[in-house]
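The values are calculated or read from the model by the stated rules, or taken from the named source; none is laboratory data. What you see is a predicted model; the values in this text were computed from it and never measured. A quick note on method: Cβ atoms are made from the backbone with ideal geometry, for glycine too, and the neighbour counts reach across all protein chains shown.
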Amino acid sequence: MDEELFPSTPGKIKSDRRTFHRCFASTSTMFLWALFLIALTASYLSFIATGNHHIHHTSHRSVTGPHWEKRVVSSSQIHRKNGFSVLVTGAAGFVGTHVSLALKKRGDGVVGIDNFNDYYDPALKKARRKMLESKNIFIINADINDQNVLAKLFEIVAFTHVMHLAAQAGVRYAMENPKSYVHSNIAGLVTLLEQCKSADPQPAVVWASSSSVYGLNDKVPFSESDRTDQPASLYAATKKAGEEITHTYNHIYGLSITGLRFFTVYGPWGRPDMAYFSFTKNILKGKPITVYRGKNGVDLARDFTYIDDIVKGCVGSLDTAGKSTGSGGKKKGPAPYRIFNLGNTSPVTVPTLVSILEKNLKMKAKKNVVDMPGNGDVPFTHANISLAQRELGYKPTTDLPTGLRKFVKWYLWYYGYEQGKVKSVKS
Ligand SMILES: NC(=O)c1ccc[n+]([C@@H]2O[C@H](COP(=O)([O-])OP(=O)(O)OC[C@H]3O[C@@H](n4cnc5c(N)ncnc54)[C@H](O)[C@@H]3O)[C@@H](O)[C@H]2O)c1
């Protein structure tokens, strides 16, 4: 792992006491040292804020103040008996938006946090934010690595739950920008868990892992007890690491943890980097689409799961999450640690996905079928959801044709095809 990511250890500075005294012998040398240390700290903090050179965040300054606090308090108000106050990370993202709306609708308090990075078109994230703001859900524009903002938030609100969905998603992009995965999925996760463990009361944490942890596993359908030690991408490796990291916080600090392995989530307000979304865009523009084919010409297949079903699984996880047992960083007893698959249990091949889209769009796709390159994709996914069914009452009800019909309807509306005016879609 890149050494730049980490600050030098205090142990190294302390190690040679004689050198230390010699260096600080005169006031002017001490002044120069102080300047040097300030510069070093500033450059480290700026690295933490950006995390990488490819992705840009819309704001690095987290504005707090009386007005900000008022919005946080108002957004976190609970409007039902025994309701929750939930911090949703990645609230301007695809899943985060839908989960936030569902929680708010039933009377829970919701505060969002998102850094609005430009991994995909931030205009879509801002449009989602507008929708959430109309329901009095406030999304703080900050990075989950910003521990000051997190501390301030927990000072203002006694969150009962954290729904952690912020992450660097996407399998192939990990080859282009690996550091962004370490920044959000590892460093960001640890910063968030550090805050949760110190909080008093500690919240219960529900977070998004991924079906990608099954990697090269070829036993189908994938069950939670199957091996997950053969990731096929850095994205998968960071999600697997997340499962281990959350386990340690459960073990040492008594945090209640639920990890959810989502299987290819799709639907309205979805993610432009995903195949169903970019296929739709290209078919409408008359551009060719690239359809990958597995070994020996076998079609790739995915257990596509509709967003409303995923939301039900997330809400069911929050409802059944046992309490964290620690407080202020001290464990007082064992707390639950759970992992669930949230899939649809009926994999569909990519060519079938394309034909459903063609039907809905009333247009033919220009297909460019090529062998799958070794870029992190796996040939198929298929979830066994019996555990989630038993423990969460999870029961997906939307099949791919129904879900894609709803997605296409949203897409045509959002990008202005219905009015004949087409908003630009970032390629
Ligand atoms: N959509 C899927 O098919 C799928 C499948 C498996 C797992 N997941 C996981 O589910 C979660 C939600 O996915 P999604 O599809 O909504 O993705 P998304 O990219 O739409 O949402 C993630 C949001 O997190 C924000 N974010 C990223 N890094 C951040 C940081 N360091 N600080 C603050 N905000 C940050 C992004 O700006 C984005 O709005 C992610 O953890 C993802 O890995 C998604």
Completion exercise
Within segment 134-145, of all residues that are hydrophobic (A, V, I, L, M, F, W, C) and in a strand (DSSP E or B), the one farthest from the ligand (Cβ to nearest atom) is F138
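Taking segment 85-102 as the search range and keeping residues that are more than 8 Å from the ligand (Cβ to nearest atom) and crowded, with 24+ Cβ neighbours inside 10 Å, which one is farthest from V149 (Cα to Cα)? If you could, list the steps in order and put the result at the bottom.
As a first pass, look at segment 85-102 and keep what is more than 8 Å from the ligand (Cβ to nearest atom): 85-88, 98-102.
Those left that are additionally crowded, with 24+ Cβ neighbours inside 10 Å: 86-88, 99-100.
Numbers: V86: 16, L87: 12, V88: 14, V99: 22, S100: 20 Å.
So, considering only residues that are more than 8 Å from the ligand (Cβ to nearest atom) and crowded, with 24+ Cβ neighbours inside 10 Å, the one farthest from V149 (Cα to Cα) is V99.
Look at segment 109-133 and say how many of its residues are of a type in the set (D, E) and near the ligand (Cβ under 8 Å from one of its atoms). Please lay out each step first, then the result.
At the first step, the residues of segment 109-133 found to be of a type in the set (D, E) are 114, 118, 121, 133.
Those still in the list that are near the ligand (Cβ under 8 Å from one of its atoms) too: 114.
Result for segment 109-133: 1.
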Practice task
For N148, work out the one condition from (1) more than 23 Å from F84 (Cα to Cα); (2) near the ligand (Cβ under 9 Å from one of its atoms) it doesn't fulfil.
Solution key: (2)
Exercise for the section: Hey, could you check segment 151-161 for residues that are part of a loop (DSSP other than H, G, I, E, B) and closer than 17 Å to L193 by Cβ and say which is nearest to the ligand (Cβ to nearest atom)? Expected result: F159
Practice task
Could you grab me the full set of residues in segment 225-254 that are more than 13 Å from the ligand (Cβ to nearest atom), in a helix (DSSP H, G or I) and of a type in the set (A, V, I, L, M, F, W, C)?
Solution key: I245, I252
Problem - Residue within segment 229-249 that is over 29 Å from N375 (Cα atoms) and free of Cβ contacts under 8 Å to residues at least 12 places away in the same chain present - result: yes
Practice task
Determine which member of the set S198, S184 is crowded, with 16+ Cβ neighbours inside 10 Å and within 11 Å of the ligand (Cβ to nearest atom).
Solution key: S184
Handout entry: Meets criteria (assigned to a loop (DSSP other than H, G, I, E, B) and under 24 Å from the mean Cα position of the chain (by Cα)) for S324
Key = yes
Handout entry: Residue in segment 213-224 that is surrounded by fewer than 20 Cβ atoms within 10 Å (Cβ to Cβ), under 15 Å from the mean Cα position of the chain (by Cα) and either within 18 Å of L342 (Cα to Cα) or within 11 Å of the ligand (Cβ to nearest atom) (or both) present
Key = no
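Residues in segment 169-189: is at least one among the small types (G, A, S) and not in a helix (DSSP H, G or I)?
The initial filter retains those residues of segment 169-189 that are among the small types (G, A, S), namely 169-170, 174, 180, 184, 187-188.
Keeping just the survivors that are not in a helix (DSSP H, G or I) gives 169-170.
Taking every residue of segment 169-189 in turn, at least one turns out to be among the small types (G, A, S) and not in a helix (DSSP H, G or I).
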Handout entry: Contacts under 6 angstrom Cβ, first residue in segment 113-130 being under 19 Å from L101 (Cβ atoms) and touching a residue at least 24 places away in the same chain (Cβ under 8 Å), partner of a type in the set (S, T, Y) and assigned to a helix (DSSP H, G or I), 6 or more apart
Key = R128/T97
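Could you tell me whether H164 is near the ligand (Cβ under 10 Å from one of its atoms) and touching a Gly at 6+ places or on another chain (Cβ under 6 Å)? It would help to see each step written out before you state the result.
On the way: near the ligand (Cβ under 10 Å from one of its atoms): yes; touching a Gly at 6+ places or on another chain (Cβ under 6 Å): no.
For H164, the condition - near the ligand (Cβ under 10 Å from one of its atoms) and touching a Gly at 6+ places or on another chain (Cβ under 6 Å) - is not met.
Collect the residues in segment 308-321 that are part of a helix (DSSP H, G or I) and either closer than 14 Å to V99 by Cβ or out of contact with any Asp or Glu (no Cβ under 8 Å at 6 or more places or on another chain) (or both), keeping them in residue-number order. Steps first, answer last, please.
Here is the first cut: in segment 308-321, the residues part of a helix (DSSP H, G or I) are 308-320.
Scanning segment 308-321 gives D308, D309, I310, V311, K312, G313, C314, V315, G316, S317, L318, D319.
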Handout entry: Single residue of segment 121-140 satisfying the filter (surrounded by fewer than 20 Cβ atoms within 10 Å (Cβ to Cβ) and touching a Phe, Trp or Tyr at 6+ places or on another chain (Cβ under 9 Å)) that is nearest to T64 (Cα to Cα)
Key = K126
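Can you name the residue in segment 255-285 that is aromatic (F, W, Y) and part of a strand (DSSP E or B) and, of all such residues, is nearest to the ligand (Cβ to nearest atom)?
Filtering segment 255-285 down to residues aromatic (F, W, Y) leaves 262-263, 266, 269, 276-277, 279.
Subset that is part of a strand (DSSP E or B): 262, 266.
Values: F262: 4, Y266: 7 Å.
Within segment 255-285, the match that is nearest to the ligand (Cβ to nearest atom) is F262.
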Problem - Residue in segment 288-296 that is assigned to a helix (DSSP H, G or I), more than 30 Å from E418 (Cβ to Cβ), over 19 Å from the mean Cα position of the chain (by Cα) and basic (K, R) present - result: yes
Handout entry: Out of R271, R261, sole residue that is touching a residue at least 40 places away in the same chain (Cβ under 8 Å) and not assigned by TED's automatic domain parsing to the domain that holds T228
Key = R271
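For segment 74-92, does any single residue satisfy the condition of being in contact with a Lys or Arg (Cβ under 6 Å, 6 or more places away or on another chain) and not in a strand (DSSP E or B)? Talk me through it step by step, then tell me what you get.
In the first step, residues of segment 74-92 are kept if they are in contact with a Lys or Arg (Cβ under 6 Å, 6 or more places away or on another chain); the result is 92.
Filter again for not in a strand (DSSP E or B), leaving 92.
Yes; the residues of segment 74-92 include at least one that is in contact with a Lys or Arg (Cβ under 6 Å, 6 or more places away or on another chain) and not in a strand (DSSP E or B).
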Practice task
Please tell me if A301 is within 19 Å of the chain's Cα centre (by Cα), within 16 Å of the ligand (Cβ to nearest atom) and of a type in the set (A, V, I, L, M, F, W, C).
Solution key: no
